[in-house]
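Read-outs throughout are calculated quantities, based only on the coordinates presented, and are distinct from any laboratory measurement. Since the model is a prediction, treat every value here as computed from it, not as a measurement. In this analysis, Cβ positions are derived from the backbone assuming ideal geometry, glycine residues included, and neighbour counts consider all displayed protein chains.
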Amino acid sequence: MADLPFDLQIAIISNGISKIDRYGKIYFYLSDMENSIGQLQYPIGRFKLPPQVSSDEILQAISTIASFPKKMEDVFNALSPITLEQPYRPGGWTARQVIHHCADSHMNALIRFKLGLTEQKPTIKPYDQAQWANLSDNNLDPAISISILKGVHQRWVAVMEAMNESDWKRSFFHPEYQTEQRLEQAAMLYAWHCEHHLGHVRSVL
């Protein structure tokens with residue numbers, strides 16, 4: 001192991017691998033490390049855009065979105081000052097940044113739904129979430145973003161609960177991905193997004 005690059009030695013020790021051949025197990029280690037980081041990055045798996053969405057799946061998505069602010073508040077209240085500043089993975093956001101990001105993202109989500117319901121296939125405005133996460137407001141108490149989430153989700157859920165079958169088939173165009181997304185698909189995406197980031201914050205507890 002002493003013959004391996006120093007960074008690789010540190011990574012091996014950090015991941016609890018005590019024995020490694022000079023050649024034979026390096027690739028095994030790298031694959032294992034990638035899998036571990038992947039699990040941290042996607043704690044509930046990657047999102048897969050469904051081609052068709054059932055009415056039961058829509059109801060479940062609404063329920064997930066409705067319950068998210070309280071779940072995030074409960075996790076936030078369990079964080080210590082140390083874990084609040086801890087990244088959920090190497091090179092990832094801190095728990096503080098994740099909570100603020102959810103408020104940023106879901107404010108945009110509500111606006112996207114309203115645009116989709118009131119305009120014909122509108123083109124939405126993308127934003128650089130990585131840059132937003134580094135703006136100075138991310139140093140504020142995450143309780144502020146929890147309050148934002150409560151208000152945004154209450155209004156968002158009210159909008160979704162009043163939507164009929166044809167409303168869910170309405171869509172918007174995402175210029176970054178060059179795709180048209182139906183509102184029923186967007187609901188599934190944001191329900192996943194809720195659980196995805198809850199997994200990140202819970203992982204630092």
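Worth pointing out:
- When the C-alpha to C-alpha distance is required to be over 27 Å, the pairs from LYS71/LYS169; LYS125/LYS150; LYS71/LYS121; LYS70/LYS169 that qualify are LYS71/LYS169; LYS71/LYS121; LYS70/LYS169.
- Cβ-derived FRET efficiency at R0 25 Å, SER55 paired with LYS121, nearest 0.05: 0.65
- Residue-count net charge about VAL204 - beta-carbon cut-off 12 Å; Lys, Arg +1, Asp, Glu -1: +2
- With R₀ fixed at 45 Å, the C-beta to C-beta distance from TRP132 to GLU165 puts the FRET efficiency at about 0.85.
- Extension gain, LYS150 to HIS174: 0.36 nm times the residue separation minus the Cα-Cα distance gives 6.1 nm.
- THR83 versus LEU40: modelled label distance in nm, points set 7 Å from Cα along the beta carbon direction: 1.6
- Ordering of 92-100, 178-186 by packing [mean C-beta count within 10 Å, highest first]: 92-100, 178-186
- Averaged over residues, the count of other Cβ atoms within 10 Å places the peptides 66-77, 45-56 in the sequence 66-77, 45-56, highest first.
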